[in-house]
Every structure is written in C-alpha cells, then in structure tokens.
Amino acid sequence: MTFRSAGLPALEARLKDDLSLLELPSKSWVPPRFHDGSRVRDVVVVGGGMCGLVALASLQLLGIDNIVAYDRAPEGREGPWVTFARMRTLRSPKQLTGPALGQPALTFRAWYEAQFGRDEWARLDKIPRAMWMDYLVWYRKVLDLPIENGTRVLEIRTIEDDLLAVDIERLANGERETVFARRVVLATGRDGLGAPFVPAFAKSVDRRFWAHSADAIDFAALRGKRVAVIGAGASAMDNAATALETGAGSVDMFVRRKDLPRINKFTGISSQGVVNGFIGLPDEWKWKFLHHTLGAQTPPPRDSTLRVSRHENARFHLGSPITDLRQVGDHVVLTTPRGQYPMDFVIFATGFNVSLETRAELASFAGNIAYWTDRFAPDAGLESEELATSPYLGPSFEFQEKVAGRTPGLEHIHSFNYPATLSHGKLSGDIPAVSDGAQRLAKGIAKSLFVEDRGTHFDNLKAYDTPELQGDEWTDYEATAQEKSA
C-alpha cells in the first residue's frame, strides 16, 4: 500500500474551502453569561469519543462555540476503538459517512483516499479498527474541537434552574474545579448510563477468574488456559477469537439460544425514513419496533464468527444458558442444562445495563430521571426489562423528570448515547446515522438557548441601528413637485 501523506494537507484545504462556501461555522451568537466571575460554558460535553466529537462539531457549525468536552482517556484513546474493542475491522460498511455531517471532505473515504489513493479504496473491504481511531484523531484536529483529556466529570449539579455546575478532576494531579454550563451533553457510549452487566452469580466468584468483555483483559495470561465466553454477539466472537489467537488452550462459547441469530433486522430496514421518522412514532410503535429487534437479536458478523470457528480448539455450546458458576480450588465450574464444565477463566460478553444510581455524575438527578417504564406500559407479551429501563427522552435527547419540578435543570442534560435508542432510534451510538443524531441534538440546543435568551435578542433587535440606506437614494415626488410649483 502506497502512503501519500501529502494528500492530507490538500484535503484539509478542500474542507476549509467547502465550509467557507457554506459560511460555516456560523458566526457566534449566544450571549455571554457569567457566574461568580467565571464565564459560563454554553455546552459541556462529557466524552470525547465519536459521539462527543460529532456533537461538538455540530454545535460549532451552528455558531455555538463556547463549548468544551471532557474525557478521562489520554488523547487518541477515547472510546472503545483501541481499548476494549477487539474486532479486526469495523462492522459498518466502509462507505457509510458516519460523523461527516454532510461534508464530503470530512468522510473517512476522503481521508483514506487522500493518503492511499482511489484504487486502494476500491480494494479495501472493511475499515481496520485502529485506522478508524486514526481518522477520528484527524477529525478532531482538522475541526479544532475543544477537548480536555485526562479529565473526569465527578458530578453535575443544579445551581439555578437554568444553570448547571460540573465538578471535574484532572487525573494527572488530582486538581478539582467546578465549571458552570447552561447545557450538558452525555456522549458516554454504550455504558454511558450504567455499567457492564454480569449475572449475579458471577459476583460470588473471585474476580481473578472472570472479566467482562469491556474490561482490560490480559489475553497473554490466558495462553494454554481453558477459557469460557458467555454470549454469542459480536463482542463475544471478538473476545473468543482474541483469546484463541493469543494461544488459549481452548475456548468454549456458551449460548443461551438453540441457534445463532441470522438476520440483522434493524439494518435491513435502514433508510432516511427510519432515521427521521422513528422519533415521530407513537410510544407503542417505538416499543414494537425495538421489542421485535431485541427479540430477533443482532447476529455476530460472519467474519467474526469464522475467526472463531476456524480454530479446532473452539467449541460452540448452543442451548446452554449458564445456571451457576462456582469456584473450585484454582479454577471455576460452569453449570448449564447440558452439564458442568471446568474452566480457568470466564469472559462475560453480556452487554451493558442502565443503572443511573451507579453513575456518580448523575447522583443529584438519578432518582427523578424518567424511564420508559414510568411513561409507558406495553401490552402483555411485549414486556422487556431492557426497554423499560431506557431513559424517556425529549425531542433533543434531553432527560425528563419523573416527578415534575423536583429536579430543576434536569431537562438541560442531554443523553446522546446508546440508551437513547428507544426514544430516538439508532442515532447516538452507532456509525450509520450519528451525524443525523448530532444535528438533531445541536439544533434542539440552539433552539432552547435562543428561546431562553429571547429578552437579550429582542433588546439587540431594538438597539440595532446600522442603516442600509443613507437617505440620498430617492426623492419624494410630491415634495419635489410642490417645490417646482412654488
């Protein structure tokens, strides 16, 4: 592959020119605000991964530029791409525009072709995972997005009904600071409103015997070991394959279902109709769409599955839900309806759950954030704990109060992360429609800020006095006629 780094400066110049032709970014328009002598941020974004980047970019293009994102990871390690994601390539087709926000020069394809050429693009099958991270690093740089790495958000609190305090900590030195903000966006990924999920019985076993697929796992330490992977989704396959490729003695995959899912339902009906129309569905129809999708489950990618099954020491146990896990000396024993299996290590690829009470940053609000179960009761047979515990969000991804008036300021916190799916569709966690989600978010914030500042904007309207006409561009016919007749 020929690398042509000189192509990037040309692409960056093209992007700059394209944005200029569209008069983007728009001029700054949000009136400055101060609290206790400090400038109040218009928006604070929590998270500097893909969703955080595209949220910042969308706000910035709309002229909302007094913004910042905080991410605890070092620069270049935000999100899952080079941390706990273990697939070789992305699952999304390479041509999807992702966070490009309608700008051709901001697409992954443009970035790739600028360096390797169009022929290499044609030969590329899917996007290598680490290369996607390289692209996001460039995206941040070329748009000059304001992100402070190594910074943890400790808590979000209400100071006034329309003002939030964000307590942060600099991880390098433990220094703490309070930043004031009018809006906060939680761009915190799949576990952004909770934590990795593991069955309760796992917690009775010593932690050295198991991990969640989102943990930092020392796969080299599993060389020659008997490894169990619980689950059959994409993450399960990726972790199983990584263990096998690193030299695990054997990998047994335990799958609750009697067959692996074959059809990716939601992807099959993807369209701009779904992207823009899902939010307009009545609650019962949103629930029906997502309930059916969850029931069918998402199949793991074919490549990921073959990556496991090509190993002779890989075994698939279908129809084998784990009913018990117990520690026996220097190993553990898994129990399924089909038998007992001694293992040295277990990886739970069991997803994430929404558990607001575990999120320290939301401690002031967690008890009054409305879930779907607070607003909607499904028909018999359509129950789902996962859907029931999704946050019930407003039209701009904002939280809603369970009891009105109990937690002022809650509606100024926006949940732009995976758990927003039931309210908005798949716009805030996956690559395909993330630009549409970010633009919906940013436009909603712009609308609410303007409405909130309407008095200032009206005063500016009345005070505006720059003339476009000087008074010498015309004559009054009647006055001129009277002068001539005098």
Identify all residues within the range 404-417 that are open to solvent by 10 Å² or more (accessible area, probe 1.4 Å), of a type outside the set (S, T, N, Q) and touching a Gly at 6+ places or on another chain (Cβ under 9 Å); write none if there are none. R406, E411
Can you give me the number of residues within the range 88-114 that are over 21 Å from T242 (Cβ atoms) and open to solvent by 10 Å² or more (accessible area, probe 1.4 Å)? 15
Could you please find all residues in the range 314-323 being assigned to a loop (DSSP other than H, G, I, E, B) and open to solvent by 60 Å² or more (accessible area, probe 1.4 Å)? T323
Unique residue being on the phi > 0 side of the Ramachandran plot and either open to solvent by 10 Å² or more (accessible area, probe 1.4 Å) or not in a helix (DSSP H, G or I) (or both) when the list is G429, G471: G471
The range 1-60, subset among the hydroxyl-bearing types (S, T, Y) and touching a residue at least 40 places away in the same chain (Cβ under 8 Å), residue most open to solvent (accessible area, probe 1.4 Å): T2
Quick one: which of F352, F348, F397, F365 is in contact (Cβ under 8 Å) with a residue 12 or more places away in the chain, at positive phi, in contact with a helix residue (DSSP H, G or I) (Cβ under 9 Å, 6 or more places away or on another chain) and not hydroxyl-bearing (S, T, Y)? F397
Quick check on this structure: which one of A85, A69 is at pLDDT 95 or above and either farther than 27 Å from G117 by Cα or open to solvent by less than 70 Å² (accessible area, probe 1.4 Å) (or both)? A69
Leading residue by the ranking (nearest to T350 (Cα to Cα)) among those in the range 299-308 that are out of contact with any helix residue (DSSP H, G or I) (no Cβ under 7 Å at 6 or more places or on another chain) and surrounded by 15 or more Cβ atoms within 10 Å (Cβ to Cβ): P299
Any chance S415 is closer than 21 Å to L59 by Cα, at pLDDT 95 or above and in contact with a Lys or Arg (Cβ under 9 Å, 6 or more places away or on another chain): no
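To keep it simple, each residue is scored yes or no on (1) hydrophobic (A, V, I, L, M, F, W, C); (2) at pLDDT below 95; (3) open to solvent by 60 Å² or more (accessible area, probe 1.4 Å).
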position	(1), (2), (3)
F180	yes, no, no
V184	yes, no, no
L193	yes, yes, no
F197	yes, yes, yes
A202	yes, yes, no
S213	no, no, no
I217	yes, no, no
A221	yes, no, no
R226	no, no, yes
Residue hits (the range 289-298; open to solvent by less than 30 Å² (accessible area, probe 1.4 Å) and in contact (Cβ under 8 Å) with a residue 60 or more places away in the chain) are L290
Restricting to the range 228-260, name every residue that is hydroxyl-bearing (S, T, Y), open to solvent by 20 Å² or more (accessible area, probe 1.4 Å) and out of contact with any Ser or Thr (no Cβ under 6 Å at 6 or more places or on another chain). T242, T246
Within the range 331-355, how many residues turn out to be in contact with a His (Cβ under 6 Å, 6 or more places away or on another chain) and either surrounded by fewer than 17 Cβ atoms within 10 Å (Cβ to Cβ) or at pLDDT below 95 (or both)? 1
Considering residues that are buried (at least 16 other Cβ atoms within 10 Å of the Cβ) and either outside any helix (DSSP H, G or I) or among the charged types (D, E, K, R) (or both), the number found within the range 265-277 is 1
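A quick yes/no check of all residues on (1) within 24 Å of the chain's Cα centre (by Cα); (2) touching a residue at least 40 places away in the same chain (Cβ under 8 Å); (3) part of a helix (DSSP H, G or I):
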site: D252; (1), (2), (3): no, yes, no
site: R256; (1), (2), (3): no, yes, no
site: I279; (1), (2), (3): yes, yes, yes
site: E284; (1), (2), (3): no, yes, yes
site: W287; (1), (2), (3): yes, yes, yes
site: P300; (1), (2), (3): yes, yes, no
site: E312; (1), (2), (3): no, no, no
site: L325; (1), (2), (3): no, yes, no
Only one residue in A241, A220 is out of contact with any helix residue (DSSP H, G or I) (no Cβ under 7 Å at 6 or more places or on another chain) and either part of a strand (DSSP E or B) or small (G, A, S) (or both). Which one? A220
Kindly establish whether T158 is among the polar types (S, T, N, Q) and buried (at least 18 other Cβ atoms within 10 Å of the Cβ). no
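The values are calculated or read from the model by the stated rules, or taken from the named source; none is laboratory data. Just so it is clear, the model here is predicted, and its values are computed rather than measured. Glycine gets a Cβ as well: all are built from the backbone with ideal geometry, and neighbour counts include every protein chain shown. When the accessible area is computed, the model is the full protein with side chains, heavy atoms only, and any ligands, DNA or RNA have been set aside. Shrake-Rupley method; radii C 1.70, N 1.55, O 1.52, S 1.80 Å.
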